[in-house]
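First up is the structure itself, then whatever we jot down about it.
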Amino acid sequence: MPPDSAEKQLAGFLARFSPPIARLARAARTKLRQQLPGAVEMIYDNYYALVIGFGPTERPSEAILSIVAYPRHVSVAFLNGIELPDPEKRLAGDGKLVRHIRLQRASDLEDATVRALIREAVEHADAPFTKGRRRVIVRMVSAKQRPRRGML
């Protein structure tokens, strides 16, 4: 799929969310793209949420973090968050691997503690990130989905 087609699809997926959620997800994506130059972005329009995964390659198993847009909030999920040092206790969740930070604003991603977590996630990645050409890939679109516009 041509990159502009994936971008158009992503714009359509985000348009189904309320304007504040869509704006926050777009702004968070911009911030993460700045911090992860050359990352491959993998889009999953799932039943529960829209996920934009960031990894060094096209292999989903090598993704290190994701923006997750829900009808009422946006989070950044660290896919191996359990392994990351988190002295400030910013990561939430109690699953076996994933931890997340609920975003209030995209500038949360510029916080020194959050930037350190992102750097640690990059260092723990299975493959190195290279500053090559960015790719955006729509990997999955669920036929059945929950409504995207939650009550704010």
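The values are calculated or read from the model by the stated rules, or taken from the named source; none is laboratory data. What you see is a predicted model; the values in this text were computed from it and never measured. Cβ sites come from the backbone with ideal geometry, for glycine too, and all protein chains shown count toward neighbours.
Looking only at the range 74-97, which residues are among the β-branched types (Val, Ile, Thr) and surrounded by 19 or more Cβ atoms within 10 Å (Cβ to Cβ)?
We begin by selecting, within the range 74-97, every residue among the β-branched types (Val, Ile, Thr); these are 74, 76, 82.
Once the filter is applied, which keeps residues that are among the β-branched types (Val, Ile, Thr) and surrounded by 19 or more Cβ atoms within 10 Å (Cβ to Cβ), the range 74-97 yields Val74, Val76.
Residues that are β-branched (Val, Ile, Thr) and farther than 22 Å from His124 by Cβ within the range 23-64 comprise Thr30, Ile43, listed in sequence order. Of the residues that make up the range 59-67, is at least one out of contact with any helix residue (DSSP H, G or I) (no Cβ under 7 Å at 6 or more places or on another chain), buried (at least 18 other Cβ atoms within 10 Å of the Cβ) and closer than 25 Å to Gly12 by Cα? The answer is yes, given that some residue of the range 59-67 is out of contact with any helix residue (DSSP H, G or I) (no Cβ under 7 Å at 6 or more places or on another chain), buried (at least 18 other Cβ atoms within 10 Å of the Cβ) and closer than 25 Å to Gly12 by Cα.
Residue-wise test of (1) at pLDDT 95 or above; (2) under 25 Å from Gly38 (Cα atoms); (3) hydroxyl-bearing (Ser, Thr, Tyr).
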position	(1), (2), (3)
Glu62	no, yes, no
Val68	yes, yes, no
Gly95	no, no, no
Pro147	no, no, no
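I'd like to know if the range 74-86 contains one or more residues that are assigned to a loop (DSSP other than H, G, I, E, B), closer than 20 Å to Ala6 by Cβ, modelled with pLDDT of 90 or more and not hydroxyl-bearing (Ser, Thr, Tyr). So far as the range 74-86 goes, no, none of its residues is assigned to a loop (DSSP other than H, G, I, E, B), closer than 20 Å to Ala6 by Cβ, modelled with pLDDT of 90 or more and not hydroxyl-bearing (Ser, Thr, Tyr).
Screening the range 87-103 for residues that are part of a loop (DSSP other than H, G, I, E, B) and within 17 Å of the chain's Cα centre (by Cα) and picking the one that is nearest to Thr113 (Cα to Cα) gives Arg90.
Does Ile52 meet the test of being touching a Gly at 6+ places or on another chain (Cβ under 9 Å) and among the β-branched types (Val, Ile, Thr)? Spelling it out, it is not the case that Ile52 is touching a Gly at 6+ places or on another chain (Cβ under 9 Å) and among the β-branched types (Val, Ile, Thr).
Looking only at the range 60-73, how many residues end up being touching a residue at least 24 places away in the same chain (Cβ under 8 Å) and closer than 21 Å to Arg134 by Cβ?
So in the range 60-73, the residues touching a residue at least 24 places away in the same chain (Cβ under 8 Å) come out as 60-62, 64-65, 67-73.
The next check asks that each one be closer than 21 Å to Arg134 by Cβ; those that pass are 60-62, 64-65, 67-69.
Of the residues in the range 60-73, 8 are touching a residue at least 24 places away in the same chain (Cβ under 8 Å) and closer than 21 Å to Arg134 by Cβ.
Pairs meeting the criteria (first residue in the range 120-145 and surrounded by 11 or more Cβ atoms within 10 Å (Cβ to Cβ), second residue modelled with pLDDT under 75, beta carbons under 6 Å, at least 6 apart or on different chains) are Val136/Pro3. Out of Ala15, Ala11, Ala6, Ala25, report the one residue that is modelled with pLDDT of 90 or more and surrounded by 16 or more Cβ atoms within 10 Å (Cβ to Cβ). After applying the criteria, what remains is Ala25. Scanning the range 47-58 for residues that are under 22 Å from Thr30 (Cβ atoms) and not β-branched (Val, Ile, Thr), we see that the one that is surrounded by the fewest Cβ atoms within 10 Å (Cβ to Cβ) is Glu58.
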